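For reference, the structure discussed in these notes is given below.
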Amino acid sequence: MTFNPQDRHLPVFQHPILTVLVDDSRSFMDSLVFQMDRTRPVVTFTDPREALQWIREAYTTRFTGFLPVRVTHDDLTFLTERRTVQLDIDRIHRQIHDIHRFVQPGVIVVDYSMPQMDGLEFCRALQDLPCKTILLTGTADEGVAVQGFNHGLIDRYVKKHDSNMVERLDQEIDALQQQYFTTLSHTLRDLLTRHSFSFLSDAAMAERVRQLAARYGFVEYYLYPNPAGILLLTAQGQATLMVIETRTSLASQVESAEAYDAPAALTEGLREGRIVPFFWPGNGMYTPACVDWEQYCLPAERVEGREEFLYALFDLPRHLLDEPVVSFRTFLTEFERNEGSLTGR
């Protein structure tokens, strides 16, 4: 899981997605795929028209846009002019049960020089979709690529004959995958950061999540609502919950602990910000069911951003998930064995 240093906010969720290669030379594409990151799922096309049809079908039938909201009419007046917007935040992390989340065609890599349609025409036909585009150019095509970039037709361009072309292409794909999720979650993130999830728009927290992903091998993450935090997954599907507190949210924990006459050590630890709790038997707060309270608390780690955040990493009990996690490793195995059934090709 990579992060673009230019984006100082966290997307609401992020996971591996498909890269689509479009080039009329089958031998070039086979060689390129062989040299690319082996954990990157890639779909290839030699016919740009077939590629366009498949990408459009993918977005219109399988990925019509992700926003966990439901709009309803006013229950009292039934006036269509009065609408209620409901957020289903749980839906964000419930994606971990669906193998098809990995099949989104998020980054398209297309050759400029093709007989049926040049690469810029191809990218122009995708402008209304959220996917990101990279143009592969020959030496003589670089000026055209610069114009395409300046006019917003492409997001990046890479010269095919550069000695470090494959390494550069892998880097650009990684960066654009994050931009893809930034685009998808922009509106939702703006709504959520006004309430209990201010860490989504804090640069210091974005940097800390990046560091944790690199240290522990997390490849995907999702906003988690209760307790507020981030659900992180390894390629094997091991789930870790990063519980994130502020001084204000810890004050609510202290009130709950005092209401149930909690042990003094627990109350003081919460008040002083020395521990972060995950009282899952008590629906997020201390209750008498949490008799051995120490097993539900970890030492607090601090992040100084626009405000002070305190966090800890907990193994997520499997019984808190409605269904088994479909891991990225499982997807890669199934993709290699039966790509057609997953991609609809």
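The values are calculated or read from the model by the stated rules, or taken from the named source; none is laboratory data. Keep in mind the model is a prediction, meaning the values are calculated, not measured. Cβ atoms come from the backbone with ideal geometry, glycine included; neighbour counts cover every protein chain shown.
For the reader, a short list of remarks on this structure follows.
- Test: residue in segment 305-314 that is outside any helix (DSSP H, G or I), under 25 Å from the mean Cα position of the chain (by Cα) and more than 20 Å from Thr248 (Cβ to Cβ): yes
- Subset of segment 180-226 (residues that are in a helix (DSSP H, G or I), among the charged types (D, E, K, R), under 20 Å from Glu301 (Cα atoms) and modelled with pLDDT under 95): Glu207, Arg210
- Among the residues of segment 162-192, the ones that are within 17 Å of Thr19 (Cβ to Cβ), in contact (Cβ under 8 Å) with a residue 12 or more places away in the chain and not hydrophobic (A, V, I, L, M, F, W, C) come to 8 in all.
- Note on segment 147-159: residues that are surrounded by fewer than 19 Cβ atoms within 10 Å (Cβ to Cβ) and in a loop (DSSP other than H, G, I, E, B) amount to 2.
- In segment 39-65, the residues that are touching a strand residue (DSSP E or B) at 6+ places or on another chain (Cβ under 7 Å), under 16 Å from Arg101 (Cα atoms) and not in a helix (DSSP H, G or I): Arg40, Pro41, Val42, Val43
- Tallying residues that are part of a helix (DSSP H, G or I) and more than 28 Å from the chain's Cα centre (by Cα) within segment 241-276 yields 17.
- Residue check, Met36 in contact with a strand residue (DSSP E or B) (Cβ under 6 Å, 6 or more places away or on another chain) and either buried (at least 17 other Cβ atoms within 10 Å of the Cβ) or modelled with pLDDT of 95 or more (or both): no
- Screening Leu241 with (1) outside the structural domain of Phe309 (by TED's automatic domain parsing); (2) surrounded by 16 or more Cβ atoms within 10 Å (Cβ to Cβ) gives one miss only, at (1).
- Enumeration of residues in segment 97-126 that are within 30 Å of Ala239 (Cβ to Cβ) and buried (at least 18 other Cβ atoms within 10 Å of the Cβ): Arg101, Phe102, Val103, Gln104, Pro105, Gly106, Val107
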